[in-house]
Amino acid sequence: MNSILQCVLLSPGLTEWMITKFQASQKHRSTPLSNSFFDLLSTVRRANGAGSVTPSDLKTQVSRTVSQFSGFGQQDAQEFLRFLLDRMHDELNRVTVKPKYQEMKFEKHPVGEQSEKWAQYYRQRDDSIMTDLFEGQLMSRVGCLSCNHQTYAFDNFLDLSIDFPRKATRFTGTISLEDCMQKFIDVEKIIDAGYKCEGCKKPVNVEKDITLYRFPKLLVIHLKRFYHSAMRREKLNTTVTFPAKGLDLRKYAPHSSKCHAELIVLICRSSVSVKCGLRPLRDKSPLG
Ligand SMILES: [Zn+2]
């Protein structure tokens, strides 16, 4: 829990918004978790790096909602992060009455317009400081291998859950973040699966991939260290390397002209360790 709180408390944009706009945005809404987060942030700022701060009030708020986080054990960092982002988003959502569901029919539009229409559709439902900062957009593409007809679908995300490449499951050496990202966007061929193409109207073989289309301001990457072997659930101890600066993410958004990233946060399922890349944040954090 502490490692995630350190990351979120240090997130550029969120801190400033909480200090300058949170209280005015509350109106008469019930925002218990966000209140606790605001109090913790205020305490941390007052401490100004001296001593340590215990997030006991926030932990109480979390425990009341999710029993999984009620003890003092080592919880799953990614699950806690998703809970924190989702719950604070719900509390701070600027949309109070969501429009009715409507079927999306954008296939005839250029891909950039399809992306924009999906983004607008989501924004009519979910629009908060959390989506302002953490929400990105994925594009799923299916291409016919007979007539080259392409279909696209878009989905939003608050964090990217990424598998390790298969080669990483066979040894406990080192792998790069770029290798993991490349596996995420790899093209997959689907043969003899009876897929019916909307272009040539025939059962065809297709290729499909998922790539980033819109980057969030703050990109959260969750590396899935657990996998299922023939006998049991195993954990990979592979070290993941990544450049401290200058990680070029544009190649993971090959169909987009609107990609940028301001900060990368790495989340691991294990405890805080140098391998997770969280050490520099811990050193700087006043949480202790
Ligand atoms: Zn086709």
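Nothing in this text is a laboratory measurement; each read-out follows from the coordinates by a stated rule. Bear in mind the structure is a predicted one, so any value in this text is a computation, not a measurement. Please note: Cβ atoms are built from the backbone with ideal geometry, for glycine as well, and neighbour counts cover all protein chains shown.
Worth pointing out:
- Loop-located trypsin sites (Lys or Arg not before Pro) in the stretch 8-99 (DSSP state other than H, G, I, E, B) with a sparse environment of at most 16 neighbouring Cβ atoms within 10 Å: LYS21, LYS27, ARG29, ARG94.
- Separation in nanometres of the label points that stand 7 Å from Cα toward Cβ, at CYS200 and ARG123: 3.9
- For the stretch 50-197, the equivalent ellipsoid derived from the Cα gyration tensor has semi-axes of 35, 26, 13 Å, listed largest first.
- Applying both filters, DSSP loop and at most 11 other Cβ atoms within 10 Å, to the chymotrypsin sites (Phe, Trp or Tyr not before Pro) of the stretch 62-158 gives PHE72, TYR101.
- Label point at ASN148 placed 7 Å out along Cα→Cβ; residues across the stretch 196-217 whose backbone nitrogen lies under 15 Å: 199-200, 207
- Loop sites in the stretch 158-232: chymotrypsin sites (Phe, Trp or Tyr not before Pro), DSSP, at most 14 other Cβ within 10 Å: PHE171
- A Förster distance of 51 Å, applied to the separation of the beta-carbon atoms of GLN23 and ILE190, puts the FRET efficiency at 0.50.
- For THR241 and PHE157, a Förster radius of 22 Å and the Cβ-Cβ distance give a FRET efficiency of 0.40, rounded to the nearest 0.05.
- Approximating the spin labels as points 7 Å out from Cα along Cα→Cβ, the LYS224-to-VAL95 distance works out to 2.7 nm.
- All C-alpha to C-alpha distances of the stretch 63-138, sorted into 5 Å bins beginning at zero, yield P(r) values of 3, 13, 18, 17, 16, 13, 9, 5, 4, 2, 0 percent in whole numbers.
- Relative packing of 31-37, 110-116, 228-234, which averages over residues the other C-beta atoms within 10 Å, highest first: 31-37, 110-116, 228-234
- Once the mean of 1/r is taken over each pair of separate Cα atoms and inverted, the stretch 2-284 shows a Kirkwood hydrodynamic radius of 21.2 Å.
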